[in-house]
Amino acid sequence: MGGMNVDTLNHILFGFQVAIQPTNIGYCFVGVLLGTLIGVLPGIGPVATISILLPITFKIPPVAAIIMLAGIYYGAQYGGSTTSILLNIPGEATSVVTCMDGYQMARQGRGGPALGMAAFASFIAGTCSLVAMTFLSGPFTNLGLRFGPPEYFALMILALVILIYLAKGSMLKAVITALFGLCLTFVGTDNLSGILRFTLGRIELSDGFDLVPLIMGLFGLSEVLLNVEQNMRQDVLKDKITHLFPTRADWARCKWPISRGTALGFLLGILPGAGPIISTFVAYTVEKKVSKTPEKFGTGMIEGVASPEAANNASAQGAFIPLFTLGIPPNVTMAILYGALMIHGLQPGPLLMKDHPDFFWGVVISMYIGNAMLLVLNLPLIPLWVKVLKIPYPVLFPLIVLFCLVGAYSLNNSPADVLIMTAFGVVGYFSRS
Amino acid sequence: MRGLDKIPCLIWLGLGVFFTVGARKYGIGSLDEPGPGFFPLVGGVSLCLAALSHLVQLMRKPLCGARESSLWGEAHWGRSVAVAAGLVLYAFAVDFLGFIIATFLLMFILFSLYDRTKFIFAIAGSLSVVTITYFVFSIWLNVRFPAGILRRWGV
């Protein structure tokens, strides 16, 4: 046991050595800043942003690339609450629940404490999750090393079953999406016979679909196609935001909701399919159930902000455990990060920690630094985020489209990738509408 | 607009048929010795069955009309068609026109999508975006964009 602690301590110190290198600190800062920005902006989420920025990371070292992409993911969980509280429009799907009480608090002149509590709850939950991740990754990896093909097959099937079971809306639609994904893998050269399948005579498709235009289309472009159809309302609260630091009474009310949100979020984050969105709804429901005044939820209860915000951050951090230790992405963002790791020559799974300790511990420790950065960044920058919220979508979306097409084109300097991205954008649009 | 919500089902069904029919020419093989077309056939048939079941489910749904009106009736779906069509045209035109001209034209269309009267804004926005993108990606990050018809001016 003592040996394990010394080992863990050594790893943590090694991780710090990697994470505090100026390049990595710089990319971590860029990641969390971008994450907060896209979290604040309705109409673009972490999945789309990571997809769009993936090609840019090809030119930077893998550790820095994943530190930045991970920063975008957990940074977005912080930023999403700002829009929910100030606009009553969730910046992210994970902040839908925060609207219920956060916006009511803002209308009552308590926008400051709501934003402050959201940031503190996110920080506490994110850090607790990271501590758990630091100490649980070893046992998870050891478990993963004992897995053979049958265990992995069973785990994959379990992941797919849970994903389909928890899918929003129609279960049949989830099955169709899974089958569509399966069919896409048939395009390209058959590994056993060497025959070209479903390439339509195009040499660009001989290796199958490139991951980048595919995910950029499915997640980035489809989001734009859906959003341009709506006239987005942007009524930013006009009151000045003051008293960002919650009072003692607020802390007394929120300590248990934050703890419960953290525990629930972390556990649901590890599970395939559940993820941060479901964790926020579960956390909110639990708070309502345990509250002595459940009828007041939805009227500006600070517990209704603290618990879901803790849950989405804990869940976002917890999701890295199955990805890094078992090689199983529990949600869409992690699936894209899985692809990013592969592109950078790293195989997610039990051997990742053993073969690339600099990468693993560097990324884990960078998340502690990123969380601290987010707390420091979020509170003073709230006035700036309020200004950012005033950028109209008609100005924003052409820039997103441009990023998508430059990212897709620059991959092989081929317009065919722009076409593939557009085709998948249309497919994504139809499957999400 | 009735029936538009079935378009996704028809797309899935079409793709299922594409994989099912296409699989046959690669050789299906047998259960003991599956050929290159075996798994595409299984995948294609399963996709067809799932899409058909979903289609039947939608046809039996009584509130279909209400859903359609909220999804398609109030939405400005012409804008999403314009974005997708603009990107397709861009892909075909970029090699000939070159990155600068093609991107400028696409950005102009996108910037004027919400309000067609703001010409100056659309032109200024497109020009600045193309200039910044060209400098960042082409000159700074060394991404090779096609020069197209601007090649003769040494771009």
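The values are calculated or read from the model by the stated rules, or taken from the named source; none is laboratory data. Just so you know, these numbers come straight off a predicted model, no measurement behind them. Reconstructed Cβ throughout: ideal geometry from the backbone, glycine too, with neighbour counts over all protein chains shown. For the accessible areas, the whole protein counts, side chains as well, though only heavy atoms, and no ligand, DNA or RNA atoms are used. Shrake-Rupley method; radii C 1.70, N 1.55, O 1.52, S 1.80 Å.
From B:Pro40, B:Pro36, B:Pro8, which residue is closer than 12 Å to A:Cys183 by Cβ, open to solvent by less than 40 Å² (accessible area, probe 1.4 Å) and at the interface with chain A (Cβ under 9 Å from one of its Cβ atoms)?
Criteria check complete, one pass: B:Pro40.
The helices (runs of 4 or more DSSP H) located wholly in the range A:293-406 that include 1 or more residues which are closer than 30 Å to A:Gln230 by Cα and open to solvent by 40 Å² or more (accessible area, probe 1.4 Å) occupy A:332-343, A:357-388. Total residues in the range B:102-120 satisfying the condition of being part of a helix (DSSP H, G or I) and either in contact with an Asp or Glu (Cβ under 8 Å, 6 or more places away or on another chain) or among the polar types (S, T, N, Q) (or both): the figure is 1. Restricting A:Gly45, A:Gly35, A:Gly116 to those that are over 23 Å from A:Ala408 (Cβ atoms) and more than 14 Å from chain B (Cβ to nearest Cβ) reduces the list to A:Gly116.
Just give me the residues in the range B:113-130 being modelled with pLDDT of 85 or more and more than 12 Å from chain A (Cβ to nearest Cβ), in sequence order. Quick ask: steps written out before the conclusion?
To start, the set of residues in the range B:113-130 that are modelled with pLDDT of 85 or more comprises B:113, B:120-130.
Residues satisfying the conditions are B:Ile120, B:Ile123, B:Leu127.
Could you figure out which of (1) more than 8 Å from every other protein chain (Cβ to nearest Cβ); (2) out of contact with any helix residue (DSSP H, G or I) (no Cβ under 8 Å at 6 or more places or on another chain) isn't true of A:Asn413? The failed condition is (1).
If the requirement is being open to solvent by less than 30 Å² (accessible area, probe 1.4 Å) and assigned to a helix (DSSP H, G or I), which of these qualifies: B:Ala124, B:Ala91? Within the list B:Ala124, B:Ala91, the selection yields B:Ala91. Does the range A:267-282 contain any residue that is closer than 17 Å to A:Ala125 by Cα and at pLDDT 90 or above? There is no residue in the range A:267-282 that is closer than 17 Å to A:Ala125 by Cα and at pLDDT 90 or above. In the range A:200-229, of all residues being in contact with a strand residue (DSSP E or B) (Cβ under 7 Å, 6 or more places away or on another chain), open to solvent by less than 30 Å² (accessible area, probe 1.4 Å) and not in a helix (DSSP H, G or I), the one that is nearest to the other protein chains (Cβ to nearest Cβ) corresponds to A:Gly208.
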